[in-house]
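Here is the structure we will look at, set down as structure tokens.
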Amino acid sequence: MIPASLLLIGFLILFYNYFWKRRELPPGPLPLPIFGNIREIKNNPPGYDAYRNWRDIYGPVFTYWIGEKPLVAIADYNTMKETLIDDGDSYINRDFFNDFMIILRNNTFGLTSFEGEEWVEQRKFAIKTFHRLGMGKNVMQEKMFIELSRMFEDMDEEIKVTGSNDMNVAPFIETCVASIIYSILFDYQITRERKSDYMKMKTIVYEYTGLFGHWAVQMIMAKPYLFKDLPFFKDYMQKIHKAYWKMSEHVEMMAADAIKNYKMDMDSEANDYVTAFMRQHDATEEKKGYNLGNLNSILVDFYIAGQDTTINSIMWGIIYLMYEPEVIGKMQKEMDDKLGDEEFVGIDDKIKLPYTTAVTHELQRMANVMPQNIARRTTKDVVIGGYKIKEGTTIMPLMSAVLFFPDHLKFDPTRFLSPDEKSVIKVDELIPFSCGRRMCLGAEMAKMEIFLIVANLFRHYDVCFF
Ligand code: HEM
């Protein structure tokens, strides 16, 4: 017979897990003790189907649990607008699994995890610096044309050397995107001679971002002090730690020259992020967070964010496009009909190329590269979708669920076109960069890269499956 005390303990655990800890949160799937809802996410990798299924059952606002951590998900555009956009200040803080990040990054934070005045200052500085470095202007486009030109030369060379058109375009696109971010951060280009060094770093970035999506790492993130030293989990903790510090050492090495030389030629504008930051470091005497520890963390954030998401969007987009030869044909015809014989398609050509522009929108919608967003934390008590939510609650804006438009598996650029297909229309639900005050800081750069790379690639080559 089971002793009454054991029955009581069992009852208390169940009561706590299934009722007490969930009593002030919106409804959602039943969490297992300790593991939460990780099983459903693990069984539906990378998680889209689990989120959509929960939205269908519980509505657009629901709670799911990563380990013992509850996340209040917002999974439709209207609720995101009412909250993140119309009441932005209440959702401005991050819940970046702080205990985990403190362990992983040794107490340093980057732009994705800063809060308060430090975040306001550093985000303002980053936006200003990107603009000074040419974001949204011809200067940035010129930088991108140089990289595109290098990419096409390298592709042509490979075709010549191998005598075959059968090639994998992925490494060329990866290097092109990476070289753009290296040039902005460090004024450094990945030339042919430097490519093999970059390829080694690239595998570390992929390993790091891949590990973040793994259920074991999610469990550690939720309760690092409980899991990080347990057998099995310890391996994952060590792997992610090692990958992070390799990237950190790499950006430190890349930044070293600019840190040594930033005082030279003070009359000219900074040509890279590190120089701009170091000059600000002198001007503010390190106040407002302009210190070397923060610089390293900010660079690692840009280094990861500036490569992985953009490369994945373009690569997934190209894969989807290759199943749509008619779309490719229509896009290429539009470019042939509307453009002259300039070497490259530019950002100003977008106005003449509504179909091609709509293809890049649809490509980002389909690629849907972030199943989970970076979590926020409420700064005060709020009401979301009719549920009272306390200050300090973790919020997960699930834009991946919003990007599942009706008939979502159909690659259909006309979703973003007027009925006569002569102009691009704004569709609020297209939010691959999320929304509100913490929306992606590199959105303009990423959109420019995606348009320039995709349009120019298909203008120069017929990309298809072999
Ligand atoms: C297709 C490419 C990209 C996608 C889909 C993407 C998506 C996102 C998303 C969803 C967020 C979180 C927003 C939120 O909290 O709600 C974010 C944040 C961020 N992204 Fe991107 N991103 C991309 C490219 C870039 C690039 C190229 C950069 C910079 C070089 C960048 C820098 C950042 C930074 C610094 C943040 C943190 C902003 C903050 O917390 O204030 N991203 N991105």
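The values are calculated or read from the model by the stated rules, or taken from the named source; none is laboratory data. Predicted model only: the values in this text are computed from it and were never measured. Using ideal geometry, Cβ is built from the backbone for each residue, glycine included, and neighbour counts are taken over all protein chains shown.
Things worth noting here:
- Only a single item in (1) within 21 Å of Gln372 (Cα to Cα); (2) within 11 Å of the ligand (Cβ to nearest atom); (3) out of contact with any Ser or Thr (no Cβ under 6 Å at 6 or more places or on another chain) is not met by Glu429, and it is number (2).
- Qualifying position, being farther than 26 Å from Thr129 by Cα, loosely packed, with under 14 Cβ neighbours inside 10 Å and either free of Cβ contacts under 8 Å to residues at least 24 places away in the same chain or not polar (S, T, N, Q) (or both), among Gly385, Gly392: Gly392
- Taking the criterion of being more than 23 Å from Phe433 (Cα to Cα) and of a type in the set (D, E, K, R), the residues of the range 33-91 that qualify are Arg39, Glu40, Lys42, Asp56, Glu68, Lys69.
- Checking each residue of the range 357-367 against the condition of being crowded, with 17+ Cβ neighbours inside 10 Å, outside any helix (DSSP H, G or I) and not aromatic (Phe, Trp, Tyr) gives no match.
- The listed residues are Phe416, Phe411, and the only one of them that is buried (at least 19 other Cβ atoms within 10 Å of the Cβ), in contact (Cβ under 8 Å) with a residue 24 or more places away in the chain, closer than 24 Å to Glu324 by Cβ and among the aromatic types (Phe, Trp, Tyr) turns out to be Phe416.
- Screening Arg23, Arg52 for residues that are exposed (fewer than 11 other Cβ atoms within 10 Å of the Cβ), modelled with pLDDT of 90 or more and either closer than 25 Å to Leu398 by Cβ or in contact with a helix residue (DSSP H, G or I) (Cβ under 9 Å, 6 or more places away or on another chain) (or both) leaves exactly one candidate, Arg23.
- For the range 1-19, the set of residues classified as surrounded by 11 or more Cβ atoms within 10 Å (Cβ to Cβ) and within 30 Å of Ile395 (Cβ to Cβ) consists of Leu12, Ile13, Leu14, Phe15, Tyr16, Asn17, Tyr18, listed by residue number.
- Here is the figure for the range 114-149: residues that are within 12 Å of the ligand (Cβ to nearest atom), in contact (Cβ under 8 Å) with a residue 40 or more places away in the chain and either among the charged types (D, E, K, R) or in contact with a strand residue (DSSP E or B) (Cβ under 9 Å, 6 or more places away or on another chain) (or both) total 4.
- Answer residue from the range 382-419, given it is aliphatic (A, V, I, L, M) and under 16 Å from Gly317 (Cα atoms) and is farthest from the chain's Cα centre (by Cα) among those: Leu409
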